[in-house]
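*Asks:* Sharing a structure with you now.
Laboratory data are not the source of any read-out in this text; all were calculated from the coordinates shown. Keep in mind that this is a model prediction, so the values were computed, not measured. Reconstructed Cβ throughout: ideal geometry from the backbone, glycine too, with neighbour counts over all protein chains shown.
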Amino acid sequence: MKFPAGLLICVFLTISLCLTQSAQAQPLADPIGQSVVRIETTSQTPDYRVPWNPGEIGEGIGTGFIVVAPHVAERCILTNAHVVSDARFINLSKEGDPRPFSARVLYIAHDCDLALLLPEDPSFFKDTVPLKLGGIPAIESTVTVYGYPLGGEKLSVTRGIVSRIDFQTYAHSGIDSHLTVQIDAAINPGNSGGPVIQNRSVVGVAFQGYGGNIAQNVGYMIPAPVISRFLQDIRSGKYKGYMDLAITYCPLYSSAMRHALGLPENDFGVMISTVYRGGSADGLLRPADVILAIDGRRVRNNGSVELDGNLLEMTEIIERKFQGDQVKLEILRDKKLMEVVIPLRERWPFQLQAYSYGQKPRYFIYGGLIFQPANQNFMTAHNPDNLRLNYYFDQFLYDNLYLDHPEIVVLSNILPDPINTHLSAFRYTIIDRVNGVKIRSLRDLADAFSKPADFDVIETIGTARPIVLERKAALAARSRIFNRYQVPKDCNL
């Protein structure tokens with residue numbers, strides 16, 4: 001995958017912090033170093049252009065460290081999700097011990113780029129000590145980073161300075177934004193998943209930096225609150241992910257706007273600009289509501305709240321909650337103070353625009369026509385030039401398109417055969433109806449083709465003429481097409 005200059009990226013192999021201060025050599029007996037793990041992975045990346053293909057095999061190197069996960073395992077290994085995503089085989093090794101140990105993924109959280117591994121042989125943990133979590137490091141304080149930069153065999157230890165605490169997009173999913181800690185250091189292929197230590201406690205996990213030449217000496221780590229939330233979420237035996245109010249809001253700096261909303265001239269309050277239908281806040285909040293406080297914490301006019309001794313984006317309060325929890329808001333609506341309690345639930349529409357992992361591409365083939373649901377992986381692989389498809393994908397949330405199309409089913413390609421000639425103009429069109437049945441998902445499309453018909457009529461959005469196939473001819477062509485193009489099966493729904 002190619003990234004434009006300056007784009008925030010996570011590096012699959014590993015990422016290291018090449019710091020402004022010189023590295024300090026650490027003795028082998030250092031208990032922290034003995035609890036850092038070198039991770040080698042063999043992965044298989046799905047092929048969204050030829051979805052029945054098993055995918056390309058690649059290798060990578062990352063870093064992890066030993067922790068205790070309450071109610072999960074006495075000892076396991078924490079690392080980045082992007083180190084072990086789509087992994088088919090995982091090998092672990094320790095400093096001073098060249099023996100490889102195979103491992104498996106216990107839990108993986110792609111939205112916050114974290115994963116837990118467990119060695120197949122429990123003797124791997126001999127002479128190791130689990131590392132403990134700390135808090136958020138202070139600005140201008142020093143941290144130490146452990147890992148295996150550039151895939152080296154020997155453990156590297158480097159130091160850097162905390163320069164900012166902020167919200168940033170996590171490049172692994174491409175859409176999720178969480179709390180991050182910035183370090184005045186460049187990110188290079190090195191120790192992704194390695195622990196960031198302060199006062200002998202883990203304060204973060206090194207995980208991403210900027211590509212290109214725009215940002216120099218800038219690196220990011222996943223801070224302890226995000227790690228703690230991940231470890232708490234999996235206590236139920238399943239990772240459920242982050243919750244969301246499903247709103248957007250804007251700051252209230254303008255005196256005229258504040259006066260129009262009935263607000264005093266102070267530094268508090270943000271205005272809701274969008275409430276996504278079907279989200280947690282749907283029916284409870286409205287556009288133009290002003291959020292004054294969240295769970296008792298006053299919201300500043302830039303959307304920040306005081307939390308853990310820092311001014312953090314108010315979203316961080318929601319980030320620390322779990323499915324089924326509630327959040328209490330103090331709002332101003334039509335110049336009247338109100339309290340609103342919102343139960344938090346899954347944010348399903350947002351996942352379409354996130355990169356997905358560990359899943360085979362879904363598809364359905366009929367009459368040589370390949371149908372696929374559009375998601376971020378599909379759009380990246382195909383880079384379609386169809387303006388309508390790009391609009392539907394980009395505006396999937398903002399224009400509430402997900403209400404009519406929970407999935408955007410696309411005619412992604414055509415396997416040429418006499419029964420489907422002259423249909424190339426339909427490539428990347430969005431399927432609206434098949435034989436009069438509204439298509440809201442790939443399953444709907446497969447079901448529509450399974451019902452008796454002499455002719456199959458496929459209507460696409462924005463196209464005047466339909467695609468028409470004779471059912472008898474399409475069924476007769478199946479084996480011919482599959483043999484010609486070596487397609488093993490007609491669907492993965």
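*Asks:* Given the chain, what percent of its DSSP beta bridges are antiparallel, to the nearest 5? Provide the component values of the computation, followed by the final result.
*Replies:* Details: 113 of 115 bridges.
In the chain, approximately 100 percent of DSSP beta bridges are antiparallel ones.
*Asks:* Hey, another quick one. For K328, which aspartates and glutamates qualify as cross-link partners when the Cα separation must be under 13 Å and same-chain residues fewer than eight apart are set aside?
*Replies:* The qualifying aspartates and glutamates are D295, E339.
*Asks:* With the cut-off at 1.5 for a/c, could you classify region 362-492 from its C-alpha gyration tensor as rounded, prolate or oblate?
*Replies:* Prolate shape, in that a/c is at least 1.5 and a/b is the bigger ratio.
*Asks:* Okay, moving on. Positive end of the dipole of the chain, charges at C-beta (+1 Lys, Arg; -1 Asp, Glu), about the Cα centre: which of I227, V205, G324 has its Cα farthest in that direction?
*Replies:* Result: G324, furthest along the dipole toward the positive end.
*Asks:* Name the residue from V143, G160, C491 whose Cα lies farthest towards the positive end of the charge dipole of the chain, charges +1 on Cβ of Lys and Arg and -1 on Cβ of Asp and Glu.
*Replies:* C491
*Asks:* How big is the gap, in Å, between the Cα center of region 31-87 and the Cα center of region 288-309?
*Replies:* Between the Cα centres of region 31-87 and region 288-309 lies a distance of 37 Å.
*Asks:* Related question: Using only alpha carbon pairs under 8 Å that are at least six residues apart, calculate the relative contact order of the chain and give it in whole percent.
*Replies:* Numbers: 1177 pairs, mean separation 61.6, N = 493.
Computed value for the chain: 12 percent relative contact order.
*Asks:* Ranked by Cβ crowding within 10 angstrom, fewest neighbours first, how are W348, W52 ordered? Can you show the working numbers first?
*Replies:* Details: W348 12, W52 19.
By the 10 Å Cβ count, ascending: W348, W52.
*Asks:* Using θ = phi - 60° and the Karplus curve 6.51 cos²θ - 1.76 cosθ + 1.60, what whole-Hz ³J(HN,Hα) does each residue of region 244-256 get, with Gly and Pro shown as x?
*Replies:* 7, 6, 6, 9, 10, 9, 10, x, 10, 8, 5, 5, 5
*Asks:* Filter K94/K132; K360/K451; K240/K360 down to the pairs with a C-alpha to C-alpha distance above 23 Å, please. Show your work: numbers first, answer last.
*Replies:* Details: K94/K132 19 Å; K360/K451 26 Å; K240/K360 20 Å.
Too far apart for the 23 Å limit: K360/K451.
*Asks:* Short version: ³J(HN,Hα) in whole Hz for each residue of region 311-321, in order, from phi by Karplus 6.51 cos²θ - 1.76 cosθ + 1.60 (θ = phi - 60°), x for Gly and Pro, what are they?
*Replies:* Running phi through 6.51 cos²θ - 1.76 cosθ + 1.60 with θ = phi - 60° gives 8, 10, 4, 4, 4, 4, 5, 5, 4, 8, 9 Hz.
*Asks:* Residues with beta-carbon under 13 Å from that of S85, excluding S85: net charge, scoring Lys, Arg +1 and Asp, Glu -1? If you can, show how the numbers build up before the last one.
*Replies:* Details: positive: R88; negative: D86, D111, D113.
Residues near S85 contribute -2 overall.
*Asks:* To the nearest 20 debye, what is the magnitude of the charge dipole of the chain about its Cα centre, counting +1 on the Cβ of each Lys and Arg and -1 on the Cβ of each Asp and Glu? Show your work: numbers first, answer last.
*Replies:* On the way: 48 positive and 50 negative charges, 166 e Å.
Dipole of the chain, to the nearest 20 debye: 800 debye.
*Asks:* Then there is this: Rounded to the nearest 0.05, what FRET efficiency do R333 and T169 have when you use their Cβ-Cβ distance and R0 = 30 Å? Can you show the working numbers first?
*Replies:* On the way: r = 31 Å, r/R0 = 1.04.
Here the calculated transfer efficiency is 0.45.
*Asks:* Among N375, I461, V181, whose Cα sits farthest toward the positive end of the charge dipole of the chain (+1 at Cβ of Lys/Arg, -1 at Cβ of Asp/Glu, about the Cα centre)?
*Replies:* Checking the options against the dipole of the chain, the answer is I461.
*Asks:* Still on this structure, please answer the following. Mind checking the full-extension length gain between V72 and A453? Use 0.36 nm per residue of separation minus the Cα-Cα distance, one decimal, nm. Don't jump to the answer; show the numbers that get you there.
*Replies:* Values: separation 381, 0.36 × 381 = 137.16 nm, distance 5.27 nm.
Contour length minus Cα-Cα distance gives 131.9 nm.
*Asks:* Please state the shape class of the chain: rounded when a/c is under 1.5, otherwise prolate if a/b exceeds b/c and oblate if not, all from the C-alpha gyration tensor. Provide the component values of the computation, followed by the final result.
*Replies:* Working: a/c = 2.26, a/b = 1.24, b/c = 1.81.
Oblate is the answer for the chain, as a/c is 1.5 or above yet b/c matches or exceeds a/b.
*Asks:* Another question about this same structure. Stretched out fully, how many nm does the piece from L475 to R99 gain, at 0.36 nm a residue minus the Cα gap? Don't skip to the end; give the middle numbers.
*Replies:* Numbers: separation 376, 0.36 × 376 = 135.36 nm, distance 5.48 nm.
The L475-R99 span can extend by a further 129.9 nm.
*Asks:* Amide H to amide H under 5 Å from M314: which residues, 5+ apart in sequence or cross-chain, H placed 1.01 Å off N in plane?
*Replies:* Residues meeting the amide H criterion: S304, V305.
*Asks:* Can you give me the long-range amide H partners of N301? Hydrogens built in the peptide plane at 1.01 Å from N, cutoff under 5 Å, separation of 5 or more residues or another chain.
*Replies:* Amide H neighbours of N301, under 5 Å, 5+ apart: F268, G269.
*Asks:* Can you figure out the FRET efficiency of A425 with E120, using R₀ = 45 Å and their beta-carbon distance, to the nearest 0.05?
*Replies:* On the way: r = 53 Å, r/R0 = 1.18.
For A425 and E120, the calculated efficiency is 0.25.
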